[in-house]
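Take a look at the structure below.
The values are calculated or read from the model by the stated rules, or taken from the named source; none is laboratory data. Nothing here was measured: the structure is a model prediction, and the numbers come from that model. FYI the Cβ positions are ideal-geometry reconstructions off the backbone, even for glycines, and counts take in every protein chain you see. Note: accessible area is taken over every heavy atom of the protein model, side chains too, but ligands, DNA and RNA are not part of it. Shrake-Rupley method; radii C 1.70, N 1.55, O 1.52, S 1.80 Å.
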Protein chains: 2
Amino acid sequence: MPAKHKPAPATAEHAPLQLEHFLPYRLSILSNTVSQAIADDYQSRFDLPVTEWRVMAVLGRYAGLSAREVAERTAMDKVAVSRALARLVEAGRVDRAVHDNDKRRSVLSLTDAGWAVHNEVAPMARAREREVLAKLDAEERAWLTRILDKLLANGG
Amino acid sequence: MPAKHKPAPATAEHAPLQLEHFLPYRLSILSNTVSQAIADDYQSRFDLPVTEWRVMAVLGRYAGLSAREVAERTAMDKVAVSRALARLVEAGRVDRAVHDNDKRRSVLSLTDAGWAVHNEVAPMARAREREVLAKLDAEERAWLTRILDKLLANGG
DNA sequence: GCGTTATAGTTTCATTTGAAACCATTTGCA
DNA sequence: TGCAAATGGTTTCAAATGAAACTATAACGC
């Protein structure tokens, strides 16, 4: 019979990955689950996709940003930001002006209607975050913060 | 002048989110960064999208699964699995047979060619995981495992 | 000033993705 | 048995996404 490839011994470098213990996989599951739970709260209710909410969130915090700056802050790419902004402006949730000294730049901010949405969605997002953190005790929460700070330092 | 909506005091429940301190956002950035780094290693080199690698990874570990079982293990939806399998079978990396007692079911496993790819990619994935974990000390790594176990318990 | 290069943002086009409809087979049960 | 409901898997269609090309303005070098 022909030679069969088989999983090598479990300790070998090329042994099959145990996804259930593989950090990148576990992070991906956790991240998707949490983000989806939040999105489910507002998505259909406000006709607001995740990308648009992210843009609104940073504009809530930093009024007057340009589209490029929004892209930086949200870690979205500029095409995605451009599309989200088009819809948000159309929906009257974001105001777009032209920069005084640079006509290429937008100067973006939430409208009153945008703030109204923001002020409903933000607490929902916070509540979900609290739900997740409630699964941990105080010591674990402190370590989690510290660990994420380290892992996210200097770009991922 | 018209009443202006403004960010409420920073402690208020509806205050703007600070994305940089918001857990779901931080998890998303970290997860995407890590997954992307791994994918960059093999994606173009083996013409192997992430979805297909995930399928190969579980088949490396559990030969004989059905498509539905692969979907469960990978946390992908069945359409994505179906498409990944179509390509993997076409590429000769996965073997698909029909289950003896249930003609609806596939019985899936890696081919020799599939194992060859697997045995190159798995070490690369492991190496990237090690790189990430190297940013932490032993104590932090232990806490991270414990925290993820808790957060992922009973579905996210 | 004037041509070149860089930057902000949008549009186009091709690919990816997901939901729902679909087909085949099996299971549950009258 | 035989028929309705459930299950495994694929296909179809519409929406989301990303890369590259494009427009407009600004900055740079001479």
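Give me D for the protein assembly as shown in µm² s⁻¹, whole number, from Stokes-Einstein with Rh from the Kirkwood sum over alpha-carbon pairs, 10 °C and 1.306 mPa s.
Result for D is 72 µm²/s.
Derived scalar couplings between HN and Hα for segment B:48-59 equal 9, x, 3, 4, 5, 4, 4, 4, 5, 4, 6, 5 Hz in order, rounded to whole Hz, by the Karplus curve 6.51 cos²θ - 1.76 cosθ + 1.60 (θ = phi - 60°), x for Gly and Pro. Only helices enter the 222 nm calculation for chain B: every DSSP H run of n ≥ 4 contributes -39,500 (n - 2.57), and dividing by all residues gives -20000 deg cm²/dmol, rounded to 500.
The angle between the Cα long axis of helix B:78-90 and the main principal axis of chain B comes to about 40°, on a 0 to 90 degree scale.
For B:His21, inter-copy separations between label points set 7 Å beyond Cα along the Cβ vector come to 3.7 nm, shortest first.
Charged side chains reduced to their Cβ positions (Lys and Arg at +1, Asp and Glu at -1) give chain B a dipole of some 400 debye around its Cα centre. Take the protein assembly as shown with all the other protein chains still there, run a 1.4 Å probe, and you get 54 Å² of accessible area per residue. For segment A:106-156, the C-alpha radius of gyration sits at 1.64 times the compact-globule guess of 2.2 N^0.38 Å, with N the residue count.
Taking Cα atoms only, the orientation of helix B:23-46 departs from the longest principal axis of chain B by about 30 degrees. Note that segment A:64-71 has calculated 3J(HN,Hα) couplings of x, 5, 8, 4, 5, 5, 4, 4 Hz, one per residue in order, obtained from phi through the Karplus relation 6.51 cos²θ - 1.76 cosθ + 1.60 (θ = phi - 60°); glycine and proline are x. For B:Asn154, the point set 7 Å out from Cα toward Cβ sits 4.1 nm from its twins in the other copies, listed from shortest up. Ascending distances from the A:Ala113 label point to its copies in the other chains, with the point 7 Å along the Cα-to-beta-carbon line: 5.5 nm.
Within segment A:36-101, the ratio Rg/Rh, alpha carbon atoms throughout and Rh by Kirkwood, equals 0.97. Each residue of segment B:24-152 gets 127 Å³ once the volume of the Cα convex hull is shared out per residue.
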